[in-house]
Amino acid sequence: MSMREQWGTRAGFILAAVGSAVGLGNIWRFPATAFENGGGAFFIPYLFALLTAGIPLLILEFTIGHKYRGSAPLSYAKMNKKAEWIGWWMVIVSFVISTYYAVIIAWAMSYSIFSLNLQWGSDTQGFLFENYLQVADPGQFGGLVPGVLIPMIIVWAVTLGVLYRGVKKGIELANRIFIPTLVVIFIIIVIRAVTLPGAAEGLQAFFEPDFGAITSGGVWVAAYGQIFFSLSIAFAIMITYSSYLPKKSDITNNAFITGFSNSSFELLAGIGIFGALGFMATQAGTPVEEVVEGGIGLAFIVLPQIINEFPALSGVFGFLFFASLVLAGLSSLISITETYVKGISEKLGISRTKAVTLGGGLAALVSLVYATRGGINFLDTADYFINQFGVALLGLVEVVAIAWFMRKLGDFQEHANSVSDIRVGGWWKVCLGIITPLVLGYMMFDLFRQNLL
Ligand code: PHE
Ligand code: NA
């Protein structure tokens, strides 16, 4: 019998799971999403989604990985031969996400260097699109942009290098270094942000509750969407990572720790980002609402503007901010890439080394598409598609297949309870079998309605 690779320590597993969860979604997605969906009142649907879907699904995926000790396709196949495709679907979605996630980390890497002398100048938007991404360069469409290509090679080299080294010496070690460093850097930035003049106005705008908002279905959909993406659930990642757990491992406790750590990081990011936005609004003499932004615009256009206005040490803080994006992003990219590496290695019966070369190499090649002039358009499309259809639909398929078709929740409850301190009760089956499918079903319905009408 061949030995399955294992985590060296419990902390190693938790750091890796938290490393996967904490990513760009926490830093640039959560703050704007919360603000636009009720501000302080968003915490009600958000906490509800965390407790009814986020943590229950983490427990489910940890249980599956721990019980079947396989990548997502293998675990689903062991559950039921006919269910293997669900695992492959998750693996394919992970593959697609990894191809563009890598590009954003590469941009952040470039920007950490640009920060040092505020190279982006005062027209940060023009700098991003024209100088850095060279999208406005007509006639050259399709050519590789060297400024993006070089950091991308570094990002993939680090990711694949970590995966070549395996679970304990690679993934665990990288997260042991990245995550504590990330937390320290991030706390420094947040302290700086909330002590800037005007930060209080930003925080007030962020936390001001609009209780009326939570009567709208859209706000609940946003809360569930945020929880799924942010906790990396329904992407096969948590199944893969927990397949390396030793037999004696507390599943439910680990799930609660992972879930709450991710949300704490999200809250911290919200405070930091809105402190900085309050500063910007004060400088510009406009209300905070007018400067709120998320995603690429926030990280690569608005924040550079804010950093330009810093009273002192702007280069250092700019560097630290983009370094934190790189660390948060890399630990997530490592986890996404590991899911298909492991899937391929088990399916084809090839070594980790070969699977990393094959799967990771292919992903790196595909991701070159986004390093071309105009490649940002592909990135937008991929991201839109994954977020709109990948997340909710996969989550729905996962819970319905397990709860209703295979009727496995009882077995899994027993399995989780046989190793955990916190007992999983009937509430867990209600969350996964009824509440989550209803909410995700409504999300899908809403999406199709919006897209077809
Ligand atoms: N959870 C990560 C984040 O919040 C993103 C991610 C999604 C990572 C899916 C892996 C898989 O940014
Ligand atoms: Na996250």
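Quick note: the coordinates plus some simple rules give every number you see, no bench work behind them. Note that the coordinates shown come from a computational prediction; the quantities given were computed from them, not determined experimentally. Reconstructed Cβ throughout: ideal geometry from the backbone, glycine too, with neighbour counts over all protein chains shown.
Between the Cα long axis of helix 251-284 and the first principal axis of the chain there is an angle of about 10°, rounded to the nearest 10.
Listed by Cβ neighbour count within 10 Å, with the fewest neighbours leading, Thr436, Thr372 appear as Thr372, Thr436. Label positions at Arg10 and Leu447, each projected 7 Å from the Cα along the C-beta direction, are separated by 3.6 nm.
Compute the Cα gyration tensor for the range 296-438, then decide on rounded, prolate or oblate, letting a ≥ b ≥ c be the square roots of its eigenvalues: rounded whenever a/c is under 1.5, prolate when a/b is larger than b/c in the other cases, and oblate in all that remain. Cα axes put the range 296-438 in the prolate bin.
What you get for the range 12-452, charging only the Cβ of Lys and Arg (+1) and of Asp and Glu (-1), is a dipole of about 2120 debye around the Cα centre.
Helical runs (DSSP H, four residues minimum) scored at -39500 (n - 2.57) apiece and divided by the length of the chain put the mean residue ellipticity at 222 nm at -20500 deg cm²/dmol. The stretch between Gln119 and Asp380 holds 91.4 nm of extra length on full extension. This uses 0.36 nm per residue minus the Cα-Cα distance. What FRET efficiency, computed as 1/(1 + (r/R0)^6) with R0 = 30 Å and r the Cβ-Cβ distance, is obtained for Glu414 and Leu438, rounded to the nearest 0.05? Efficiency for this residue pair is about 0.75.
Gain on full extension, evaluated as 0.36 nm per residue between Arg423 and Ile150 minus their Cα-Cα distance, stands at 93.4 nm.
When each of Glu309, Glu398, Glu201, Glu289 is scored by the number of other beta-carbon atoms lying within 10 Å, the sequence from fewest to most is Glu289, Glu309, Glu201, Glu398. Which of the three applies to the range 26-140, rounded, prolate or oblate, going by the alpha-carbon gyration tensor with a ≥ b ≥ c and a/c under 1.5 meaning rounded? Note, shape of the range 26-140 comes out oblate.
Specify the angular offset, from 0 to 90 degrees and rounded to the nearest 10, of the alpha carbon long axis of helix 173-194 from the longest principal axis of the alpha carbons in the chain. Relative to the chain, helix 173-194 is tipped by roughly 40 degrees. Among the listed pairs Lys82/Lys342; Lys168/Lys429; Lys81/Lys354; Lys248/Lys354, those whose Cα-Cα separation exceeds 24 Å are Lys168/Lys429; Lys81/Lys354; Lys248/Lys354. Listed from fewest to most Cβ neighbours within 10 Å, the set Ser264, Ser324, Ser94 follows the order Ser264, Ser324, Ser94.
In this rough spin-label picture, where each label sits 7 Å from Cα along the Cβ direction, the Gln283-Phe260 distance is 3.7 nm.
Taking 7 Å steps out from each Cα toward its Cβ at Arg407 and Leu365 produces label points 4.6 nm apart. Oblate is the label for the range 334-397, because a/c, from the alpha-carbon gyration tensor with a ≥ b ≥ c as root eigenvalues, is 1.5 or above and a/b does not exceed b/c. Length available on full extension from Trp85 to Lys354: 0.36 nm per residue minus the Cα-Cα distance, which gives 94.6 nm.
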